[in-house]
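Notes to accompany the following structure.
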Amino acid sequence: MEKPFINIDIEATNRCNARCITCPRDKIEEFGDMSEETFEIILKRIKEYGKEKIGRVTFSGLGEPLLNKNIFSWTKKLRENGLEVEIVTNGSLVNEENAKNLWKSGLNQLSFSVGSVNKKIYEKLHKNLNFDKFMRNLRIAKELKPKTGKIVIFISPTKESREEMKDIVKKLRNYADYFFFFPFTSNRGGLVKNKKRFIFEDNNKKFENGAVSINEILRPTKRNYKIFSKYKNKCPIMNQIMYIDFKGDAVLCCNDVKKNNVLGNVKNNSLEEIQKEKSLLGYPEVCRKCNCPKELGPKDISSYLALARMALRI
């Protein structure tokens, strides 16, 4: 049987220097950093699975990847093995030294997650972080970026910043190679209780009314388009991404914060075995409570794909 094409998310650490209101950090039961040994086993498993079947390796998860000082050498090793690498960051630690080391490692894509460009709202959404520092670090990353690297602004909209989408693009357009706008804010498997954070429908109306230019906001790659097309009313996150936490446990997805669905551990299981276990699992309780598969129904997917087609000019 042919192995499925997957992307891999590696949690270098689940420690974080921010306390964002959309992240249920109080529900995390154990904190730690990934060890060198665990990373080397992951790299070995990737080679066994077949690099050609891995779309991208992303350092993200429930923490800030730059808190693990091995992130530079690990990125370099992955790149030396022909893998595409992305790091998702809150930007607070992307100072000049770290930015230089990231680009020097061969990093393909540095993604900055941001919810607002209004200083007051930003610091309310991303507690413990400073907006001026975020902007300074984004500017540094841009100035040091090689031609082969990309900077992506990952816009995480909330009810606090729903009116700002155009302002975010206008203020940050000179720093980004492109923007990624996700149509809703995840409720993290039901752990974020504020249902009003689901805002796709209202934003879709905004697009229709011409309040925001689709070419400014949404530029999904053809791969992202194909993923949404393939899974329709299924969750593309769970089906397309293998999430490996700092201990080497393969967890159902990043929204399974309490880790109730561990599919195996890279120290004992191959990626193929883990993927097979996931295919047999179906949709457990965390999925039923999550707004990804439950609330992103056929109508919403259809609207999202319409926007994607416009952006791609398909």
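In the context of the full set of protein chains, residues of segment 64-145 present 42 Å² of accessible surface per residue (probe radius 1.4 Å, heavy atoms only).
Taking the Cα centre as origin and putting +1 on Lys and Arg beta-carbons and -1 on Asp and Glu beta-carbons, what dipole magnitude results for segment 1-144, to the nearest 20 debye? If you can, show how the numbers build up before the last one.
Working: 25 positive and 21 negative charges, 101 e Å.
The calculated dipole for segment 1-144 is roughly 480 debye.
Note on segment 9-87: percent of Cα-Cα distances in each 10 Å bin, starting at 0 and stopping at the bin with the largest distance, equals 17, 49, 25, 8. Looking at segment 68-152, none of the GluC sites (Glu not before Pro) sits in a DSSP loop with at most 11 other Cβ atoms within 10 Å of its own Cβ. Normalising the average separation of contacting C-alpha pairs (under 8 angstrom, six or more residues apart) by the number of residues puts the relative contact order of segment 1-72 at 58 percent.
One quarter of the surface of the convex hull around the alpha-carbon atoms of segment 1-160 equals 10.4 nm², the direction-averaged projected area.
Expressed as a whole percentage, what fraction of the accessible surface of segment 97-175 belongs to carbon and sulfur atoms when a 1.4 Å probe is rolled over the protein heavy atoms? Could the numbers behind the result be given before it?
Details: 1740 of 3860 Å².
The C+S portion of the solvent-accessible surface of segment 97-175 is 45 percent.
Looking at this model, which pairs from Lys150/Lys259; Lys76/Lys133; Lys77/Lys145; Lys104/Lys147 are more than 22 angstrom apart at the alpha-carbon?
Values: Lys150/Lys259 32 Å; Lys76/Lys133 26 Å; Lys77/Lys145 19 Å; Lys104/Lys147 12 Å.
Pairs exceeding the cut-off: Lys150/Lys259; Lys76/Lys133.
Loop-resident trypsin sites (Lys or Arg not before Pro) (DSSP state other than H, G, I, E or B) in segment 59-139 with no more than 15 further Cβ atoms inside 10 Å of their Cβ: Lys69.
Using C-alpha pairs below 8 Å separated by at least 6 residues, the relative contact order for segment 21-134 is 24 percent.
The values are calculated or read from the model by the stated rules, or taken from the named source; none is laboratory data. Worth saying up front: this structure is predicted, and the values here are computed from it rather than measured. Because the Cβ atoms are built from the backbone with ideal geometry, glycine has one as well, and the counts that use them run over all protein chains shown. Please note that ligands, DNA and RNA were not included when accessible areas were found on the heavy atoms of the full protein model with its side chains. Shrake-Rupley method; radii C 1.70, N 1.55, O 1.52, S 1.80 Å.
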